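To start, the structure itself, in structure tokens.
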Amino acid sequence: MHGTALSGWLLVAVCTATGAYCLLRLRSDCARARSSAGGEAVMGFGMAAMAVPAAFAEPPSWLLAGYAGVFAAAALRAGWLARARENGGGHHLHHVIGSLAMVYMALAMSAPGGHTAHEGHPGAAGGVPLVTGALLVYYVGYVLTTGARLLPAAVTPRGGGTLAWRARPELTLACRLSMGIAMLAMLLAL
């Protein structure tokens, strides 16, 4: 991705931490939480891998094609799960959009000039402006709505007991918010 090395490493750290928490959520007792946690873990770790600054390790084109393949498969899985509305279908639609956005970014990065814009070709590295713009609008809306849902932080566990780390709804929302912000940063750096 373009941008400073510091912002790239911060994205790597945030996305890795989010992916790790999502792996922890896979142990939840709730099938719906486990269903979305797997897709979010793949997204978190995939975003971390793609956010590694190009100055540190410029990925070969075959690796970018691999990213595109993994996220295309993730989009198909999320689309399959989205058809079942009773199992969190709406959130799985978000996973479809996110996975397809990752495919788009991997393909844009693997295109000639995908890592650095050449002089005289300022738009060579940005993908298709209309697609990038649509994804930016979607993720701005997603970040704002997720952040608004997180604001009433007075989430109390049912029955007055304490919740395990893997079942904290406010942490799940915070992870989703941080991945949405990270996706915005990656799209802006494209």
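The values are calculated or read from the model by the stated rules, or taken from the named source; none is laboratory data. Quick caveat, the model's predicted, so the values are computed rather than measured. Quick reminder, even Gly has a Cβ in these numbers, built from the backbone with ideal geometry, and neighbours come from all protein chains shown.
Yes/no per residue for (1) within 20 Å of Ala37 (Cα to Cα); (2) outside any helix (DSSP H, G or I); (3) at pLDDT 85 or above:
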| position | (1), (2), (3) |
| --- | --- |
| Thr132 | no, no, yes |
| Leu135 | no, no, yes |
| Thr146 | yes, no, yes |
| Thr162 | no, yes, no |
| Gly180 | yes, no, yes |
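Suppose we filter the stretch 1-32 for residues that are surrounded by 14 or more Cβ atoms within 10 Å (Cβ to Cβ) and in a helix (DSSP H, G or I); how many remain? Summing the residues that are surrounded by 14 or more Cβ atoms within 10 Å (Cβ to Cβ) and in a helix (DSSP H, G or I) in the stretch 1-32 gives 18.
Could you look through the stretch 50-78, keep only residues that are in a helix (DSSP H, G or I) and without any contact (Cβ under 8 Å) to a residue 24 or more places away in the chain, and pick out the one that is farthest from Leu107 (Cα to Cα)? So the residue we want is Leu76. Within this structure, Ala41 fails the test of being modelled with pLDDT under 90, among the aliphatic types (A, V, I, L, M), within 16 Å of Gly180 (Cβ to Cβ) and buried (at least 19 other Cβ atoms within 10 Å of the Cβ).
Give the residues of the stretch 106-125 that are at pLDDT below 80 and either buried (at least 20 other Cβ atoms within 10 Å of the Cβ) or hydrophobic (A, V, I, L, M, F, W, C) (or both), sorted by residue number. Within the stretch 106-125, Ala111, Gly114, Ala117, Ala124, Ala125 meet the criteria.
Can you find even one residue in the stretch 93-105 that is exposed (fewer than 15 other Cβ atoms within 10 Å of the Cβ) and not polar (S, T, N, Q)? Lay out the reasoning, then the answer.
Taking the stretch 93-105 first, the residues exposed (fewer than 15 other Cβ atoms within 10 Å of the Cβ) are none.
Within the stretch 93-105 (the criterion being exposed (fewer than 15 other Cβ atoms within 10 Å of the Cβ) and not polar (S, T, N, Q)), the answer is no, since none of the residues qualifies.
Filtering the stretch 1-16 to residues that are of a type in the set (Gly, Ala, Ser) and without any contact (Cβ under 8 Å) to a residue 40 or more places away in the chain leaves only Ala13. So, Arg85, is that one within 19 Å of Phe45 (Cα to Cα), among the charged types (D, E, K, R) and at pLDDT below 90 or not? Judged against the criteria, Arg85 is not a match. Residues considered: Ala31, Ala51, Ala37. Of these, the only one that is touching a Cys at 6+ places or on another chain (Cβ under 7 Å) and within 19 Å of His94 (Cα to Cα) is Ala37. Might you check whether a residue that is among the basic types (Lys, Arg), farther than 15 Å from Ile97 by Cα and in contact (Cβ under 8 Å) with a residue 60 or more places away in the chain occurs anywhere in the stretch 30-38? No, there is no match, as no residue in the stretch 30-38 is among the basic types (Lys, Arg), farther than 15 Å from Ile97 by Cα and in contact (Cβ under 8 Å) with a residue 60 or more places away in the chain. In the condition set (1) farther than 21 Å from Leu136 by Cβ; (2) in contact with a Ser or Thr (Cβ under 6 Å, 6 or more places away or on another chain), Phe71 is compliant with all but (1).
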